[in-house]
1. Which of the residues spanning the stretch A:87-111 are touching a strand residue (DSSP E or B) at 6+ places or on another chain (Cβ under 9 Å) and within 7 Å of chain B (Cβ to nearest Cβ)?
2. Quick check on the stretch B:370-391. Is at least one of its residues in a helix (DSSP H, G or I) and under 30 Å from B:W492 (Cβ atoms)?
3. I'd like to verify a number: residues in the stretch B:513-529 that are surrounded by fewer than 18 Cβ atoms within 10 Å (Cβ to Cβ) and either part of a strand (DSSP E or B) or within 14 Å of chain A (Cβ to nearest Cβ) (or both), how many?
4. Criterion first (under 26 Å from the mean Cα position of the chain (by Cα) and surrounded by fewer than 18 Cβ atoms within 10 Å (Cβ to Cβ)) does B:G168 satisfy it?
5. Kindly indicate whether any position in the stretch B:551-558 is modelled with pLDDT under 90 and small (G, A, S).
6. Select from the stretch B:146-165 the residues that are buried (at least 19 other Cβ atoms within 10 Å of the Cβ) and not aromatic (F, W, Y) and list them in ascending order.
7. For the stretch B:135-148, does any single residue satisfy the condition of being in contact with a Ser or Thr (Cβ under 7 Å, 6 or more places away or on another chain) and of a type outside the set (S, T, Y)?
8. For a quick check of your reading of the model, give me the residue pairs whose first member lies in the stretch B:349-372 and is more than 8 Å from every other protein chain (Cβ to nearest Cβ), whose second is not hydrophobic (A, V, I, L, M, F, W, C), with beta-carbon atoms closer than 6 Å and at least 6 apart or on different chains.
Amino acid sequence: MKGWLVALLMLASPAFAVQPGEMLPDPGLEARARAISQGLRCLVCRNENIDDSDAMLARDLRILLRERLVAGDSDAQAVAYIVDRYGEYVLLNPTLTGSTVILWLAGPAMLLAGAGMALAALRRRARLAEPDLVISPEDSARLERLLRD
Amino acid sequence: MVGELGHFALVLAFGVALLQSVIPMWGAQRRDARLMALADPAAVVQLLLIAVAFGALMHAFVTSDFSLRLVVENSHTAKPMLYKIAGVWGNHEGSLLLWVLALATYGACVAWFGGNLPLVLKARVLAVQGAIGVAFLAFMLFTSNPFLRVAEPPMNGNDLNPLLQDPGLAFHPPFLYLGYVGLSMAFSFAIAALIEGRVDAAWGRWVRPWTLAAWIFLTIGIAMGSWWAYYELGWGGFWFWDPVENASFMPWLIATALLHSAIVVEKRESLKAWTVLLAIIAFGFSLIGTFIVRSGVLTSVHAFANDPERGVFILLILGVFMGGGLTLFAARASALEAKGAFAVISRESALVVNNLLLAVACFVVFIGTIWPLVAELIWARKLSVGAPFFDAAFTPFMVALALVLPLGSVLPWKRAELGRAMRPLWGAAALAVAGAALVFALQTGRSALGPVGVALGIWIVLGALSDLHARAGRGAIPERLARIIRLPRADWGRVLAHSGMGITMFAVAAMTAWVTEDIRVVPVGGSYPLGPYQIELRAVHEENGPNYTARIAEMVVRKAGVEVEVLFPEKRFYPVQEMPTTEAAIDFGLMRDLYLVIGDQQADGTWAVRSYIKPFANWLWGGCLLMAFGGAISLSDRRHRIAAGARKPSGVPAE
């Protein structure tokens, strides 16, 4: 168990990521590759993307991704190719399919619910707020005289 | 021998905690002063015992006592002394001992400095603290004992994970734990108030300093962790939305909301239920964080233990305290009557918005962190939730918060007019928009990130300064300055802390939007351009450290032909743990960091190097430090030290 942990730590050692030798000569394709890599998980590391990881598998995935881009795949097709082979675990940005919709909608839903509750509570409070004072004319005149002094 | 002493002290502390959690609570129920009087000495004795245990463990590490299993697994004779000490908490069992030490310290502080608290409240607060201590000491003694012996002590140990052998990381856990555990004080206060059935302005006044202290430590701890990741992990990132990072960030978000909510309770006796609930939830997130890190449920770079048995125990602790706390809240919340009413536009409602945004932001982070687990459990889908999700889901809340912040902090209490409140702020708003437009025009590319960061930063900082200016009143400049300087420390604290937040937001945006990156191979003697600099790889040589071998590169940085700096990035190899690490060479500057990393040698003898210019990098941690500093200034306000409703000292009769 310990040895496995150490080995994993070794693989996950975040020393260095994209090597100069892997980079594509075409800057446009390379930029796309870098951007997509940041959304792909290194499968043997603990929560790193393949752009940042030093593991052998990360390197293989980087090269695979670049091969697909050079072969003419669009961003979506290249990602789909990799997801087909490694499962959706490889995607760091969860898709909007099935149950993951809950994940994406949870934040806005909670905000709306909370805002609704807060607004209702605030309105209730505001109705309880002190009514403006009503002063009779004599008192009002007396106030004037006092303030003028 | 020393190990046995430490073990025994821990068991005794468990017994004392048991007494501390039961007797004062019973005394408070029966209003029996003698029973309640046990709380103070119990808390102090508990601290002493746990300090002895901690000292014993530290002694074992410092003297490399390899008869203790923990020392064998985490230390080595060749390790530098600082890391022998830091190794005490660089592992699961030792860090738990640090946890209970912090817990006992806070309890003792209430005993020493809580003289202004009413006896009944203090007894209950210490009783709840004691109960938390019982839970964690039981956890330690039964599943994670740091004092277990090894039958045959080896000649040497396994060394500490090299990533942890670093000054920044040596001190990151103590600060973090002081923060986490400080939130247990807020929890104890909340539970005590719920049991008593009374939350009033005085309670708000008492709970604030403890929450503030916890918040300050948590801010520093998170900033240190982020800074460590930045300079240690080799590519200049500072936040990865890793589950353990999130575990520390969620309590921080809730603690911020709690701090501001407690202000409303203190000043206006409103939002009582909110504040108590936040206090319970803040500690809940601390416990959840503990659970995530130590149960192996989520994979992370930081995770400690991977033991399901420990995970179940922590889950039990979580269930008891959170379940109990929330049940008590549900039962007693109706007794918390709000005294002050307020209009829809007022400082109270601004703080409600603040609470809402922070709480929902925290919830979003939580659900993102826990989602892989939930998805696997319920839908048998193995998926990841990483930085792209968190960036997209979390950032809007921070932007909304930043927009409301300067306005909310100048709104009057109870009833406000938006137009009137905005008057001193129009200047700040105009400058913010102008700044954003300027930056947008000057930068290459059409990203909105940089300009938005600039706008929000200017808006918050100038908004805080406008607040100060408005409070200076009228008159000559020296008069106004004198008035500003004489403002209560709490106000200064607010201005500084909010400004710090604005600076941090700006720096995050700047670092992400305007970083310059360069990856290439360079032969020894070769050079290449990076922004305004020319960088030359002059030499690469090997060296031996105390417990590692290193490959050090000498890189010369020139600007317009003049030598600016020589940097020495390293790549180290720790033979005992068989682990390589990268030590980036960073030239820390006011306006930018220059960040160089040396990689592997290529087949043709050239070296792979990675270079970055990180603009305004130090503003990020500077902003965090400013936030913590503002909090400290606020904490030192006289009003926290003078009791709410304390009896004035009786005069000495004249002879």
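1. First, pick out the residues of the stretch A:87-111 that are touching a strand residue (DSSP E or B) at 6+ places or on another chain (Cβ under 9 Å): A:89-92.
If the condition is that a residue be touching a strand residue (DSSP E or B) at 6+ places or on another chain (Cβ under 9 Å) and within 7 Å of chain B (Cβ to nearest Cβ), then A:Y89, A:L91, A:L92 are the ones that fit.
2. No, because not a single residue in the stretch B:370-391 is in a helix (DSSP H, G or I) and under 30 Å from B:W492 (Cβ atoms).
3. Applying the first criterion (surrounded by fewer than 18 Cβ atoms within 10 Å (Cβ to Cβ)) to the stretch B:513-529 yields B:515-518, B:520, B:523-529.
Still in the list and also either part of a strand (DSSP E or B) or within 14 Å of chain A (Cβ to nearest Cβ) (or both): B:515-518, B:520, B:523, B:526-529.
Final tally of qualifying residues: 10.
4. Numbers: under 26 Å from the mean Cα position of the chain (by Cα): yes; surrounded by fewer than 18 Cβ atoms within 10 Å (Cβ to Cβ): yes.
In short, yes.
5. Checking the stretch B:551-558: not a single residue is modelled with pLDDT under 90 and small (G, A, S).
6. So the first thing to find is which residues in the stretch B:146-165 are buried (at least 19 other Cβ atoms within 10 Å of the Cβ), and the list is B:146-147, B:157, B:159-165.
The answer is B:P146, B:G157, B:D159, B:L160, B:N161, B:P162, B:L163, B:L164, B:Q165.
7. Taking the stretch B:135-148 as the starting set, the residues that turn out to be in contact with a Ser or Thr (Cβ under 7 Å, 6 or more places away or on another chain) are none.
No, the stretch B:135-148 has no match at all.
8. B:A350/B:G408; B:L351/B:H260; B:N354/B:H260; B:N355/B:S261; B:L358/B:T256; B:V365/B:N246; B:T369/B:P243; B:T369/B:N246
The values are calculated or read from the model by the stated rules, or taken from the named source; none is laboratory data. Being a predicted model, the structure only gives us computed values, none of them experimental. Quick reminder, even Gly has a Cβ in these numbers, built from the backbone with ideal geometry, and neighbours come from all protein chains shown.
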